[in-house]
1. Amide H neighbours of residue 133 under 5 Å, counting only residues 5+ apart in sequence or on other chains, H built in-plane at 1.01 Å?
2. State the Cα centre-to-centre distance between segment 141-209 and segment 8-42 in whole Å.
3. Would you mind telling me the share, in percent, of accessible area of segment 119-212 contributed by carbon and sulfur at probe 1.4 angstrom?
4. As an exercise, find the ratio Rg/Rh for segment 111-182 from alpha-carbon atoms, using the Kirkwood inverse-distance average for Rh.
5. What lysines could a cross-link reach from residue 20, if we take a straight Cα to Cα line under 19 Å and drop same-chain neighbours fewer than 8 places away?
6. HN-Hα J couplings of segment 10-27 from phi, Karplus 6.51/-1.76/1.60, θ = phi - 60°, integer Hz, Gly and Pro as x?
7. From a point 7 Å beyond the Cα of residue 145 in the direction of its Cβ, which residues of segment 166-183 have a backbone N at a distance under 19 Å?
8. Going by amide H atoms built from the backbone, whose H comes under 5 Å of the H on residue 118, apart from near neighbours?
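The values are calculated or read from the model by the stated rules, or taken from the named source; none is laboratory data. Fair warning: this is a prediction, and the values are worked out from it, not measured in the lab. Cβ sites come from the backbone with ideal geometry, for glycine too, and all protein chains shown count toward neighbours. Protein only, heavy atoms only, side chains kept; ligands, DNA and RNA dropped before computing areas. Shrake-Rupley method; radii C 1.70, N 1.55, O 1.52, S 1.80 Å.
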Amino acid sequence: MQALGKRVKQKRIQLGYQAKYVAKAVGLSPGGLSLFENGHTSGVDFVTGVKLAKLLQLSPEALAFGYECNIPSTRNDTLAIIGCQHSGPDHQWLALAVEDRPLTTEVVDLQFGHNSTYYGLKITENTGRYLEGEVAILNADPQQVLVSGNDVFVVYQTHCQLMHFLYERAGKVHLIGFEKESHLLVVNRNECQYLHSVTAIVGSDLVRKRSI
């Protein structure tokens, strides 16, 4: 699959847009856009990504993954919040089919397609990267390929934490926290109960109580 930055550059050129125009339109510096197109994507947030998709006449899914895909939901086109960064996701909820999932207390009020691999995780404490009240949208697909530089939610033994994924080598996952004093964490992949990538972050204004 083509890398995200290359995909943006290719579509930009195809539409005849100059780099300066695109950068200004989405709130990046020309240098920032150049870095993004050359693979340094960690400095571009979700909102900027949505702006890029709209400007380049792509759906967010097509921009992010290179093809049209359905992002998951529960009934009524909402995404269920099934845990927080300290508890992790409800494993029983994850094991159920979409139509059989129990009602949840809170949902993310967004339009999604139907796919059972995504869920919301509530941020209940500032982490240095995420703010209290936000919701991390996580991908629970066991076949997903983790990308170096992306954030992940890891659960192993009794440990739950949002972390930065560095790389995986010889069955060992290398992670680091968001704070400056964070130390490198190396765990065996097969010891991780969950290792789910962060797909997006949405604000608290999109969270609502679910009506029973």
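1. Residues meeting the criterion, in which the H sits 1.01 Å from N, are 123, 124, 125.
2. Each part's Cα centre sits 28 Å from the other's.
3. 49
4. Result for segment 111-182 is an Rg/Rh of 0.97.
5. Correct list for residue 20: 6, 9, 11, 51, 54.
6. Karplus-based 3J(HN,Hα) across segment 10-27 equals 4, 5, 4, 5, 4, 7, x, 8, 6, 4, 4, 5, 5, 4, 5, 5, 9, x Hz.
7. 166-174
8. Residues meeting the criterion, in which the H sits 1.01 Å from N, are 140.
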